[in-house]
1. Could you work out how much longer the chain between residue 133 and residue 203 gets when fully extended? Use 0.36 nm per residue separation minus the Cα distance between them, nm to one decimal.
2. Helix-derived [θ] at 222 nm for the chain: sum -39500 (n - 2.57) over DSSP H runs of at least 4, divide by residue count, nearest 500?
3. By how many degrees, between 0 and 90 and to the nearest 10, does the Cα long axis of helix 44-54 differ from the longest principal axis of the chain?
4. Counting only C-alpha contacts under 8 Å and six or more residues apart, can you give the relative contact order of the chain as a whole percent?
5. Does the range 124-237 come out rounded, prolate or oblate, given a ≥ b ≥ c as the square roots of the eigenvalues of its C-alpha gyration tensor, rounded meaning a/c under 1.5 and, failing that, prolate meaning a/b above b/c?
6. Over the range 125-187, what relative contact order in percent results from Cα pairs under 8 Å that are six or more residues apart?
7. Tell me whether the chain comes out rounded, prolate or oblate; compute the Cα gyration tensor, take square roots of the eigenvalues as a ≥ b ≥ c, and use a/c under 1.5 as the rounded threshold.
8. What ranking do 98, 196, 81 get, fewest neighbouring Cβ atoms within 10 angstrom at the top?
């Protein structure tokens, strides 16, 4: 996809080895990966207007070439239910990130404003990620997401590219697969929708080998027939000797 190449080129020219949230979502949308409606805003008024267009509740996240870990900088506000909440959140994010920058000795670029996204309904939290091994190349990981990925380490890997049958096999290897099948009165989840996401990410990375790390965490998987959606996405790219960002 030409759009992805263009985004990666721009990021590297700016000294970034990661893409911004809106860029990541643009790329994913181009590969048919389902994501909540989103927009960007550079002022509190614009954030309010974009939120009204998307529909409450919404999430705001800082967009800056100087900030990779947005939560650490106080750059994320979730479940904002009205115009006043959005306006306050925008101002607080800017204040938090500016203070964070001062602590780190960085003059943070705030010119891009914030990422505005619909607040997605909860589903079963999964993670779909990609790592690049120097010897074997890219591998896709899938497992139970959210806080559980670090605690339970219930994940499965396959080298990219892979097939639908490989994807089904990966999910079947997870202890958490029983949750996707439906337990304790909960119905089965939309495994087919999750597999489509896995295959789309495999294709994206196969066509863009400069991606060295990718995290979709969480990806919410809904009831069977109701789909799945990638809520948070982080993409790191090969700097090829270019200076890394803060």
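Here, each number is a calculation from the coordinates, and none is a lab measurement. Treat the numbers as computed from the prediction; the structure is a model and nothing was measured. So basically every Cβ, Gly included, is an ideal-geometry build from the backbone, and we count neighbours across all protein chains shown.
1. Result for the pair: 23.5 nm of gain on full extension.
2. Using -39500 (n - 2.57) per qualifying helix, the result is -11500 deg cm²/dmol.
3. For helix 44-54, the angle is close to 30 degrees.
4. Reported as a whole number, the value is 24 percent.
5. Taking the square roots of the gyration eigenvalues as a ≥ b ≥ c, the range 124-237 is prolate.
6. After rounding, I find 25 percent.
7. Note, shape of the chain comes out oblate.
8. Numbers: 98 15, 196 18, 81 12.
With the fewest neighbours first, 98, 196, 81 line up as 81, 98, 196.
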